[in-house]
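The values are calculated or read from the model by the stated rules, or taken from the named source; none is laboratory data. In this text, all values refer to a predicted model and were calculated from it rather than measured experimentally. Cβ coordinates were reconstructed from backbone atoms using ideal geometry, including for glycine residues, and neighbour counts include every protein chain displayed.
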Amino acid sequence: MSAAGSGVTTAATPIDNPDAEYLEATTKIDFSGLPDGSSVDVISDDTVFVAFSQTLSKTGPVPDGWATWSSPPFSEDPNPFVLLASAGTLTMEISRPVSIFGFELEPSPFGEFEFTADFYRGDSLIESVSRTVDGFAGARLFAREDGSIDRVVITAPVDFAIAQIRYQLAPIDPALAVLFIAVLVIILALILL
């Protein structure tokens with residue numbers, strides 16, 4: 001799944017396209033059931049919540065409410081439901097650490113624009129993915145794997161839409177698991193005394 005070239009600038013492990021391996025390894029947060037035109041601050045699948053720093057508007061499926069999208073292999077589906085965002089910065093706060101996170105993005109104006117997605121764990125920048133994306137049927141995946149993250153910051157020169165938000169939960173740190181078990185044993189011992 002790791003990228004090599006094709007317009008992605010990054011330090012480590014971007015995923016260029018939503019191939020079968022990526023789709024199988026991740027869970028999509030399905031927001032298609034939200035009413036068309038609804039304001040969205042958070043989406044969830046009851047396992048992971050993704051909170052947005054600006055209110056987004058849900059529309060679709062493409063071409064209803066959003067003119068174009070790309071087709072496989074560059075996108076998962078040519079007719080997704082989308083969330084509309086304004087130019088500037090969009091932060092996505094993820095409720096649990098994830099080891100894979102991705103979303104598709106397309107600018108509103110027809111033309112090519114550069115977007116950057118910065119992936120963070122706490123205050124530490126883990127990786128940046130920059131791509132030039134065409135607003136005419138040019139949606140592209142912004143995704144990465146390896147090492148957990150809990151926040152993504154999108155820098156956008158123009159209005160845009162996102163879709164197909166996917167994740168894989170990060171594995172539990174073995175040291176934390178041992179600590180948790182030790183605390184449980186101590187609590188049980190105190191209760192039994």
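Observations
- Residue in region 157-172 that is closer than 19 Å to Met92 by Cα, polar (S, T, N, Q) and at pLDDT 95 or above present: yes
- A count restricted to region 21-40 and to residues that are within 19 Å of Leu84 (Cβ to Cβ) and surrounded by 10 or more Cβ atoms within 10 Å (Cβ to Cβ) stands at 11.
- Scanning region 101-132 for residues that are more than 11 Å from Arg151 (Cα to Cα), in a loop (DSSP other than H, G, I, E, B) and of a type in the set (Gly, Ala, Ser) yields Ser108, Gly111.
- Condition met for Glu93 (in a strand (DSSP E or B) and over 16 Å from Val50 (Cβ atoms)): no
- Any hit, region 72-85, residues being polar (S, T, N, Q), surrounded by fewer than 23 Cβ atoms within 10 Å (Cβ to Cβ) and either touching a strand residue (DSSP E or B) at 6+ places or on another chain (Cβ under 7 Å) or closer than 14 Å to Pro14 by Cβ (or both): no
- Scanning region 100-147 for residues that are of a type in the set (Ser, Thr, Tyr) and in contact with an Asp or Glu (Cβ under 9 Å, 6 or more places away or on another chain) returns Ser108, Tyr120, Ser128, Ser130, Thr132.
- Qualifying residue in region 54-69 (condition: in contact (Cβ under 8 Å) with a residue 12 or more places away in the chain, within 16 Å of Ile154 (Cα to Cα) and touching a Lys or Arg at 6+ places or on another chain (Cβ under 7 Å)): no
- Hey, Thr59 more than 12 Å from the chain's Cα centre (by Cα) and modelled with pLDDT of 95 or more or not: yes
- Selected residue (criterion: surrounded by the fewest Cβ atoms within 10 Å (Cβ to Cβ)) from residues of region 146-156 that are modelled with pLDDT of 95 or more and within 30 Å of Glu112 (Cβ to Cβ): Thr155
- Which numbered condition Phe136 fails, given (1) within 10 Å of the chain's Cα centre (by Cα); (2) not in a strand (DSSP E or B): (1)
- For region 53-71, a residue qualifies if it is in contact with a Leu (Cβ under 7 Å, 6 or more places away or on another chain) and buried (at least 18 other Cβ atoms within 10 Å of the Cβ), and the qualifying residues are Leu56, Lys58, Thr59.
- Hits in region 59-90 - residues which are polar (S, T, N, Q) and in a loop (DSSP other than H, G, I, E, B): Thr68, Ser70, Ser71, Ser75, Asn79, Ser86
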